[in-house]
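K.L.:
This structure is in structure tokens; I'll ask about it shortly.
What follows draws every value from the coordinates through simple rules; no lab data is involved. All values derive from a computational prediction rather than experimental measurement. Neighbour counts are summed over all protein chains in view; Cβ atoms, including those assigned to glycine, are modelled from backbone coordinates with ideal geometry.
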Amino acid sequence: MSCDKNCDTCATSDNCNDKTMNEQDNKINNFLSRVKHKLMVMSGKGGVGKSTVAANLAIALSEKGYSVGLLDVDLHGPSIAGILGLTGIPLNADCDQLLPYQYNENLQVMTVQGLLSDPDEALIWRGPLKIGVIRQFLADTKWSDLDYLIVDCPPGTGDEPLTIIQTIKDAQAVIVTTPQEVSLSDVRKSISFCQQAQLDILGIVENMSGFVCPDCGAVHNIFKSGGGAKLAAERGINFLGKLPIDPQVVDSEDSGDPTAEMSNITKEALHVIVNNILEKTK
């Protein structure tokens, strides 16, 4: 029997996977209709500080008074809970909805780590299960109305970012890189991925652009600087700004408050990036 997508008049709808998917799609669409801007934070390779950038952007926007949701879909290597001091704190539920962590007055956080009894447990999941979990986070989480939903994706171009693109049609990508050519070559693949998937690229962030000396406060370009800006100019993509390596940020993350001890240089750099995002999404 062919399906006309009208579950109300279908005799077999109680046992139909299409009905379940339709109901979930409706929940997802209802939530996304209450989100003004959706940002996917991506990287071509691991180790470039993507999750740190995502967390700091979410905190900075929330401290400016915007309502922000931070969704960690890096299912095999989730780090948002650790960065924000949420490791080991289980998520709660209200009836059939998950309650996101309330990090501060304006920032809600959802991560798979909140569902694991052991934070060191490895998730050995294949594509269909990962897709289902991501859709459930969107459909069955009790999100508030949001100005910004920031999605921390795993590095590369696998199931997780593809699921977000297919589910959140109007998402925009923020691509994180470091100045070295080995990272930039992977960013070119991320740009190609976005173009093939017809995903709008909001801009590029160059992370680890210089090292802030904890003694004198001077910035030293140990990994070069300017590669991200150069690539953005070559490809006609917005360059949102650059962030240095800041030992004080590392200490703050270890304590669960990534912006607490941030140097003035890093605060100013983050301020530039946030203002550029606000300008380009207004």
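K.L.:
Need the failing condition index for Val174 against (1) within 14 Å of His37 (Cα to Cα); (2) part of a loop (DSSP other than H, G, I, E, B), just the number.
P.N.:
(2)
K.L.:
Quick one: would you say Ala81 is assigned to a helix (DSSP H, G or I), crowded, with 19+ Cβ neighbours inside 10 Å and out of contact with any helix residue (DSSP H, G or I) (no Cβ under 6 Å at 6 or more places or on another chain)? Walk me through how you get there before you give the answer.
P.N.:
Values: assigned to a helix (DSSP H, G or I): yes; crowded, with 19+ Cβ neighbours inside 10 Å: yes; out of contact with any helix residue (DSSP H, G or I) (no Cβ under 6 Å at 6 or more places or on another chain): no.
It is false that Ala81 is assigned to a helix (DSSP H, G or I), crowded, with 19+ Cβ neighbours inside 10 Å and out of contact with any helix residue (DSSP H, G or I) (no Cβ under 6 Å at 6 or more places or on another chain).
K.L.:
Now for a different question. May I ask you to verify whether Ile191 is touching a strand residue (DSSP E or B) at 6+ places or on another chain (Cβ under 6 Å) and either under 30 Å from Gly236 (Cβ atoms) or without any contact (Cβ under 8 Å) to a residue 12 or more places away in the chain (or both)?
P.N.:
Taking the combined requirement at face value, the residue does not satisfy it.
K.L.:
Could you list, in sequence order, the residues of segment 222-241 that are touching a residue at least 40 places away in the same chain (Cβ under 8 Å) and either under 19 Å from Ile277 (Cα atoms) or not hydrophobic (A, V, I, L, M, F, W, C) (or both)?
P.N.:
Lys224, Ser225, Gly226, Gly227, Gly228, Leu231, Arg235, Ile237, Asn238, Leu240
K.L.:
Here is a follow-up. Going by the structure shown, is Ser117 hydroxyl-bearing (Ser, Thr, Tyr), over 12 Å from Gly44 (Cα atoms) and without any contact (Cβ under 8 Å) to a residue 60 or more places away in the chain?
P.N.:
yes
K.L.:
So how many residues does segment 142-186 have that are among the small types (Gly, Ala, Ser), buried (at least 19 other Cβ atoms within 10 Å of the Cβ) and under 15 Å from the mean Cα position of the chain (by Cα)?
P.N.:
2
K.L.:
Further question on the same structure: Just the residues that are in a helix (DSSP H, G or I) and touching a strand residue (DSSP E or B) at 6+ places or on another chain (Cβ under 6 Å), please, taken from segment 131-160.
P.N.:
Phe137
K.L.:
Okay, moving on. Just need a number here: residues in segment 49-78 that are among the β-branched types (Val, Ile, Thr) and assigned to a loop (DSSP other than H, G, I, E, B).
P.N.:
1
K.L.:
Is it the case that segment 252-271 has a residue that's part of a strand (DSSP E or B) and more than 23 Å from Val68 (Cβ to Cβ)?
P.N.:
Checking segment 252-271: not a single residue is part of a strand (DSSP E or B) and more than 23 Å from Val68 (Cβ to Cβ).
K.L.:
Looking only at residues in segment 15-67 that are within 12 Å of the chain's Cα centre (by Cα) and hydroxyl-bearing (Ser, Thr, Tyr), which one is surrounded by the fewest Cβ atoms within 10 Å (Cβ to Cβ)?
P.N.:
The residue in question is Thr52.
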